[in-house]
Structures are given as structure tokens and as C-alpha cells.
Amino acid sequence: MITQDSIEALKARLDIVDVVGSYIELKRAGSSFKAPCPFHDEKSPSFVVNPTRQKYHCFGCGAGGDSISFVMEYEKLTYPEAIEKLAASVNFTLHYTDGGAQKKRSNLLETLNEWYQKLLEQNKTAQEYLHERGIYASSVERFGIGYAPASAETLRFLEQRRLPSAEAIEQGAIGKGDDGRLFARFIERITFPIHSPGGAIVGFGGRTITGHQAKYVNSSQSAIFNKSRLLYAYHLAREAIYRRREIIVTEGYLDVVMLHQAGFTHAVATLGTALTAEHLPLLRKGEPKVFLAYDGDKAGRAAAFKASKLLSASGFDGGVVLFEGGLDPADMVKNAQTEALNTLLHRPIPFIEFVIAEMIGSYDLQDPKAKESALHEGIGFLKTLTPLLQEEYRPYLASKLGVSPSLIRLGNTQNTAAKPISLSSHEDTEELSFVKTILEYPHITDSILDFLDVSMFRHHAPEFEAAIRAEPNNPRLNALMMNNSIRVFEGDTGVKKALLTFLENHYTRELKKINTQNTISFDQKSYLIRQLRDKIARLKKGELVPLG
């Protein structure tokens, strides 16, 4: 049981604006903050957070309380679970009572990181790699960069330190195979500790130096690690972000390290994933301008396009900086091109202009039909903006297309960012979650297609097919990516669990259909029923059933 003194001390450490703002977007309203209530559907914000009283209250549904009660309600946690999650986020050590004796929660990730840092000092290959990339020793220390050894060494270290394996699994430091054997998640990699905005280590990123198939890996999803909500080095950049009212978002850990080294201490990075709606509450803090510093290759432009649509529809100010010729921010700092880098970062392409240019650039405007499609897509994008911005950018879109502004008919000029475009008359959130997961993590497409095909989708087959074909300008997919109510399945475990449920439901429906079929022979019907029952039984045991 957690001691009351610990709970009171933790409450004194927490700021409710930071806590609530890590889950939902808050906008200042006088001395308080407002947002649409996360606990019931509403169009006008009636959810108020009061930093003076450290309380929240919804005038619509009556929900209210402090930081702990918010996390309990939002995450559906028990009181002790919410306290432990908040304590972990601010690196606070709780005290427990157990028959009168006190015990402390182990600082497992901090202990592991200290060991990784010592191992880096002994590994010449890792040191040479960092030196070749231009990273100073002072940066290695500031960012806590380390080195993870072979799996057996990590397991032995945890055992020697008597660090509980259950907690190590829970926090993503180690995993357990299907055969029950434990393994370290970071093997022969340079490690980058990842912190919560409050400064607590919540996971790691790892870069291989011995040729592992995956160049970068991150900690697995856990109660304290959600890569769609975290930004690398935000805890170090926070002061500069608030002071400068600017934030640079890059694609890589080394870009951030080198940018800080060159004085751009307001730089952060996403954790190997695209910028998502879940990042927006953190980006909103301090109301900075957002600058996307991405590679100028095809993948970088696609990522910048997607992020720019999200940020412009959400009302962010800022722009895109693309690095051409195979260079990235880290390379420019290493090559002593700091002045050129500074010039680039101060000449971003505004989000809306970048989106329109990329959108139009994907069509052959010499083809009248293609030009018409570009017009419709451009109008669709403008409708995600506020009425004022729609009117301001009508002439810009028209000029890019080479048409009269009178053709840009926007109709109802309500801002649709708050109300995502309807994808179909019947919205199946489970199907849409598979589509969104493929869009967020395209590398898992092949593995999902081992078990699913388009015929299994009753309501969203067009979206599933478009996601598989990776259509970057598909309006249905763009609407889905801006629909915050559709979740993404996180990690291998999340995807497997979702597949098991989806497939069991699908094959159960198929079984009912076969049972009522009168147009096939008895033998064929019996054979199909046996097959379907076998598949359902295997799925219930946790075994994924391939197609065929």
C-alpha cells in the first residue's frame, strides 16, 4: 500500500496542466485552460482546467477532480495504478507499507541506463561510431548515450542487481519468447534513453553497430512508454521551446543531439514513427511555432506532407524545412555548416503552402481530368482549415492550378477539423484501426496480409485497399488520419491481439452463413464447417490462422 505521505508529496510535484495536457489539447482561456471534454461528446468546449486550484471540471457532464482522478478516468486505472503511472512520469519514488515495513519501487530503467553508459566507455567500436558522427563527449554525457551488450550479459546484470524480471518485462527492458525464455530487447546497440516530459526515463532507442536487420529499435509499448505521445529530448528542449516559442521536430536521435550541440536546443524527434494526433498536446505546450526538419527524399517529403496536413488542420503555425542532396541536420552540423543550417531553419515553407504544392505536384495539370481531380482534392484540404484561412488560400490554390478563383467553391465554411470527414455510412472502428495501423506502420503490411484480405472487410474494403497500395493523396485515408477517435494497434502484441479478435469474429460469421446455406452439397458443407470450427478453436487458443 502506498503511504499517504508519498501521495501528498507526489501531488505537490504534479502540475495538472502538464498532466491533462499530455492527453488532450488545452487552449488558454484567461487564467485557466479549456478543451472539449474527453469523457463525453460535445461540440463547444466545457472542460476547464484550473492551474491555481489544480483541479479540472466539465460543466457539461460534471466530471471533475485532480491529476490522479483524471488519469484514473482517462486510462481506466485503479487509484494505486494511476499514482504509480504519474510517479513514473516525473521520476518520483513512492514509499509503500507492507506489514509496517517500507519499500521503494526500483529505478530499473535508470539503473540499466547507468550501466549502459559505463559499457560505452569500454567499447571502442561504439565510441568510434559516435566520434565519426561528430558527437562530442559532452553530448554523450548530456543525453545519457550508452551501449547495450549481448542479451545474456543484460539478463545477468539484472539478476545480479536483483532487479525483478516482471518489472523489467513490464517496462520494456526485456521480453519473453513463446518458449518462455527471457531475452534483452537491446542487443549490441548504442542506446539513447527516452524520457517523459517530466524527465523520467521511460524507455530506450537503440542503433545497431553490428549489422542487425533493424537499424533502429525502440522499447516496446508499456504503461509508461507510448511512442505516439513522446518526443525524444523534450525534457532537455523544454526550457528553450518555451523561451523561443519555437520547436524543431526531426526524424532522428542523432539529428537532435547534433542540433543541440550547435546551439539549436529547441530540437526534438519523433520515436521512429510519423507525427500523429497524439503528439499534438505535447507540441501545443508553450504555443510554439513548429518547424519540421525532414529529409528531402521521397519518404521524407511524404512524412512532411502528412504531418503538415495534420498540423495545419489543427491550427499550428510553422513550416517545413527539407534537406536535399542526402544531407540531414546532423551532417550539416558535422560539416560546420551551422550558418547555412540556421538560414534554412529560418526560411521554412508554411504548412498550408507546402501541402498545396505537394498535392498539386502529384497531378499532371496538362490533363484536364487530372487537373479537375487536383481541384477537388485541394478544395477538400482547404475545408479542413478555419473559414478565414479558407478565404485567404483560395487565390493561392487557384494560382497553383492556373484556374479562376471562382472555381474554388468552398460551400459551408465551417472548420471541419473538429468534426472528421465521414468515411462511410457505417463506421466500423475495428476495421478502420487496421487501416490506420497500416498507414502508421507500413512495414507490417506484409505480415498482416498473411492473415487478412480485403474480402473480410464488410464496411471499409476501399480504405483497406487504398492503404495497401499506399495512396498518399487518398481523401478517405487523409480523413482517417485526422480522425482522433480511431486508434492504432501498438506493437506486435497489440496487432496480434486485434487480429485474433477480428479473425474469430469473421470466421464465426462465416460459420453462421455456411450453416444456413442450402445451395451446396452436404459433404462440401460439412467440410467447410469443420475447417471454420478448427480455425475458430485455434484462434481462441491464441494461434493466428494464416489465409488459405
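A few notes on this one:
- Of the candidates 288, 329, 368, the single residue that is of a type outside the set (A, V, I, L, M, F, W, C), more than 27 Å from residue 36 (Cα to Cα) and buried (at least 17 other Cβ atoms within 10 Å of the Cβ) is 329.
- Test: residue in the stretch 93-101 that is modelled with pLDDT under 90, touching a helix residue (DSSP H, G or I) at 6+ places or on another chain (Cβ under 9 Å) and not hydroxyl-bearing (Ser, Thr, Tyr): yes
- Residue list for the stretch 502-519, restricted to those being surrounded by fewer than 12 Cβ atoms within 10 Å (Cβ to Cβ) and either in contact (Cβ under 8 Å) with a residue 60 or more places away in the chain or of a type in the set (A, V, I, L, M) (or both): none
- Residue, farthest from residue 130 (Cα to Cα), within the stretch 202-227, restricted to residues that are among the hydroxyl-bearing types (Ser, Thr, Tyr) and at pLDDT 85 or above: 220
- Among the residues of the stretch 128-150, those identified as of a type outside the set (Val, Ile, Thr), under 14 Å from residue 262 (Cα atoms) and not in a helix (DSSP H, G or I) are 133, 134, 136.
- Flag for residue 323 being in the same structural domain as residue 247 (by TED's automatic domain parsing), in contact with a strand residue (DSSP E or B) (Cβ under 6 Å, 6 or more places away or on another chain) and closer than 29 Å to residue 198 by Cβ: no
For (1) within 20 Å of residue 90 (Cα to Cα); (2) among the polar types (S, T, N, Q), each residue gets a yes or a no:
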{"site": "2", "(1), (2)": "yes, no"}
{"site": "12", "(1), (2)": "yes, no"}
{"site": "15", "(1), (2)": "yes, no"}
{"site": "27", "(1), (2)": "no, no"}
{"site": "33", "(1), (2)": "no, no"}
{"site": "36", "(1), (2)": "no, no"}
{"site": "40", "(1), (2)": "no, no"}
{"site": "50", "(1), (2)": "no, yes"}
{"site": "54", "(1), (2)": "yes, yes"}
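- Taken as a whole, the stretch 502-520 holds no residue that is of a type in the set (D, E, K, R), in a loop (DSSP other than H, G, I, E, B) and out of contact with any Pro (no Cβ under 6 Å at 6 or more places or on another chain).
- Options 544, 499; residue that is under 24 Å from residue 221 (Cα atoms), assigned to a loop (DSSP other than H, G, I, E, B) and under 33 Å from the mean Cα position of the chain (by Cα): 544
- For the criterion of being outside any helix (DSSP H, G or I), of a type outside the set (Phe, Trp, Tyr), in contact with a helix residue (DSSP H, G or I) (Cβ under 6 Å, 6 or more places away or on another chain) and crowded, with 20+ Cβ neighbours inside 10 Å, residue 355 fails.
- Qualifying positions in the stretch 202-220 - touching a residue at least 24 places away in the same chain (Cβ under 8 Å) and part of a strand (DSSP E or B): 202, 203, 204, 205, 206, 207, 216, 217, 218
- Taken together, the residues in the stretch 9-51 that are touching a residue at least 12 places away in the same chain (Cβ under 8 Å) and more than 26 Å from the chain's Cα centre (by Cα) amount to 10.
- Residues that are crowded, with 20+ Cβ neighbours inside 10 Å and in a helix (DSSP H, G or I), drawn from the stretch 241-250: 241
- In the stretch 152-175, residue nearest to residue 114 (Cα to Cα) [restricted to those that are in contact (Cβ under 8 Å) with a residue 60 or more places away in the chain and in a loop (DSSP other than H, G, I, E, B)]: 173
- Members of the stretch 31-44 found to be farther than 14 Å from residue 17 by Cβ and either among the aliphatic types (A, V, I, L, M) or modelled with pLDDT of 85 or more (or both), listed by number: 36, 37, 38, 39, 40
- When 252, 199 are checked against the criterion of being on the phi > 0 side of the Ramachandran plot and either out of contact with any Gly (no Cβ under 9 Å at 6 or more places or on another chain) or touching a residue at least 24 places away in the same chain (Cβ under 8 Å) (or both), 199 stands alone in meeting it.
- Scanning the stretch 251-275 for residues that are more than 17 Å from residue 144 (Cα to Cα) and among the β-branched types (Val, Ile, Thr), we see that the one that is surrounded by the most Cβ atoms within 10 Å (Cβ to Cβ) is 270.
- For the stretch 440-456, the candidate set comprises residues that are buried (at least 18 other Cβ atoms within 10 Å of the Cβ) and free of Cβ contacts under 8 Å to residues at least 60 places away in the same chain; within that set, the residue that is farthest from the chain's Cα centre (by Cα) is 456.
- Of all the criteria given as (1) touching a strand residue (DSSP E or B) at 6+ places or on another chain (Cβ under 6 Å); (2) crowded, with 16+ Cβ neighbours inside 10 Å; (3) outside the structural domain of residue 70 (by TED's automatic domain parsing), the one not satisfied by residue 176 is (2).
The values are calculated or read from the model by the stated rules, or taken from the named source; none is laboratory data. These numbers come from a predicted model, not from an experiment. Because the Cβ atoms are built from the backbone with ideal geometry, glycine has one as well, and the counts that use them run over all protein chains shown.
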